[in-house]
Amino acid sequence: MSEQASTMNPDNLYREETITDRQVGAIKHLIPITVDGALDPDRKELFVGQATLMTPVGTLPLSFEIPANSLREAVEKYSAEAEKSVKETMEELRRMQQEQASSLVIPKGGMPGGDIPGGGMPGGGIKLP
C-alpha cells in the first residue's frame, strides 16, 4: 500500500450518521468536521443512499450519492436516486455479460474430444502397466 493511500487526509474528515426507515434502505449523512472534531462550515454535507438489489445469485449492495442540501431533501430524492442506481447497475451488468460472451473463443471443428463418448482427448495421457 502506498504511503498516500494509507495516510488519512486531515482536511477531508467527515462524521458519519446512518439514517434508516428499517424497510427500504438507508442514507449515510456525512458531516464535514475539522481534525479537532468541530463542524467545518466551509464544506458541504454529503448524503449517500444505500440499498440492496436482489439478483438470482444473491443480494447486490448499491451505494449512490444523493444530491441534496438537507436530510429532508435527501429522503425525498432517495427513491428516484435508488431507481437510477439500479438502472445503471443493470446496464453495467449487461455490458459485462456482453464482454464475457464476446471473449469466448471456440476453435473450428468444436471442442477436442467432441466425438468421443464422455468427451476428453483421445488416449487421455494415462498409461496403465
In this structure, does M90 turn out to be over 14 Å from T20 (Cα atoms) and assigned to a helix (DSSP H, G or I)?
yes
Restricting to the stretch 9-30, and then to whatever is of a type in the set (A, V, I, L, M) and modelled with pLDDT of 95 or more, can you tell me which residue is farthest from A51 (Cα to Cα)?
L13
Does M8 meet the test of being in a loop (DSSP other than H, G, I, E, B), loosely packed, with under 10 Cβ neighbours inside 10 Å and without any contact (Cβ under 8 Å) to a residue 12 or more places away in the chain?
yes
Take the stretch 11-46 and flag every residue that is surrounded by 11 or more Cβ atoms within 10 Å (Cβ to Cβ), closer than 17 Å to V75 by Cα and touching a Lys or Arg at 6+ places or on another chain (Cβ under 7 Å).
I31
Among the residues of the stretch 14-48, which ones are without any contact (Cβ under 8 Å) to a residue 24 or more places away in the chain, of a type outside the set (K, R) and assigned to a strand (DSSP E or B)?
E16, E17, T18, T20, L30, I31, P32, I33, L39, V48
Which members of the stretch 1-33 meet the condition of being in contact with a strand residue (DSSP E or B) (Cβ under 7 Å, 6 or more places away or on another chain) and hydroxyl-bearing (S, T, Y)?
Y14, T18, T20
Taking the stretch 49-80 and keeping only residues that are farther than 19 Å from E17 by Cα and either part of a loop (DSSP other than H, G, I, E, B) or in contact with a Gly (Cβ under 6 Å, 6 or more places away or on another chain) (or both), one is left with P56, V57
What is the number of the single condition among (1) closer than 28 Å to E91 by Cα; (2) of a type in the set (V, I, T); (3) modelled with pLDDT of 95 or more that T52 does not meet?
(3)
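The values are calculated or read from the model by the stated rules, or taken from the named source; none is laboratory data. Quantities reported herein were computed from a predicted structural model and do not represent experimental measurements. Please note: Cβ atoms are built from the backbone with ideal geometry, for glycine as well, and neighbour counts cover all protein chains shown.
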